[in-house]
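Q: Here it is, the structure in full.
No lab work stands behind these numbers, since they all come straight from the coordinates. Given the structure is predicted, the values throughout are model-derived calculations rather than measurements. Note: ideal-geometry Cβ built from the backbone for every residue, glycine included; neighbour counts use all protein chains shown.
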Amino acid sequence: MKKICMALFMISLVAVYAEEAEVTAPDFTLADIDGNTVCLDSLLADGPVFMSFWALWCKMCIKELDALKPYYDEFDSLGVHMLAISVDRARSVPKVKPFALSHKWKYVVVLDPDDVLRDLYHVQAMPSSFIINQNKEIVFTHMGYKPGDEEIIIETIRDMFSEEEDEGE
């Protein structure tokens, strides 16, 4: 038992170190559920990016995206791009678009069936969320979800814009 606890502790230390060490967001180009190309650099030209890794089988992922849904229009008006990155395998990809539509998500739903983006961002838990500022810096990461966690994400996004206003004064 002690060996398992020590191993978990070491893994968490490595994860924290890796998270702090990698500040720059890796660029990516993937297709969305409509077949459009989505490129991080292009999105960042217009504003910050929030992205959440999810899958059809992940109940907490879906709860997180549903909890953020009421804030989509507010963040869209601020220029924040909101991406829901499906890591479902190729055989499940045809189910992703109808599922997203049934939940009335306005997010850009990106498909990552080969874990290209999941590997680039070292995603180990589902859901995993990131906020990337226009300097291409990962300014926020969050793993897992429990009801109320959406408030942390909402506050972080709002704070990004209140800081910009404070700097402009």
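Q: I'm checking my understanding of the structure. Among residues of region 94-130 that are of a type in the set (Ser, Thr, Tyr) and out of contact with any Gly (no Cβ under 9 Å at 6 or more places or on another chain), which one is farthest from LYS63 (Cα to Cα)?
A: TYR121
Q: Follow-up question, since we're still on this one. Could you grab me the full set of residues in region 137-153 that are under 14 Å from the mean Cα position of the chain (by Cα) and assigned to a loop (DSSP other than H, G, I, E, B)? Working first, answer last.
A: Residues of region 137-153 that are under 14 Å from the mean Cα position of the chain (by Cα), as a first pass: 137-145, 149-150, 152-153.
Hits for region 137-153 are GLY144, TYR145.
Q: If I filter region 154-168 for residues that are in contact with a Pro (Cβ under 7 Å, 6 or more places away or on another chain), assigned to a helix (DSSP H, G or I), under 19 Å from VAL38 (Cα atoms) and not charged (D, E, K, R), do I get at least one hit?
A: no
Q: Tally up the residues in region 21-71 that are among the aromatic types (Phe, Trp, Tyr) and within 14 Å of the chain's Cα centre (by Cα), please.
A: 4
Q: Out of everything in region 54-87 that is part of a loop (DSSP other than H, G, I, E, B) and touching a strand residue (DSSP E or B) at 6+ places or on another chain (Cβ under 8 Å), what residue ends up being surrounded by the fewest Cβ atoms within 10 Å (Cβ to Cβ)?
A: Going through the qualifying residues, I end up with LEU56.
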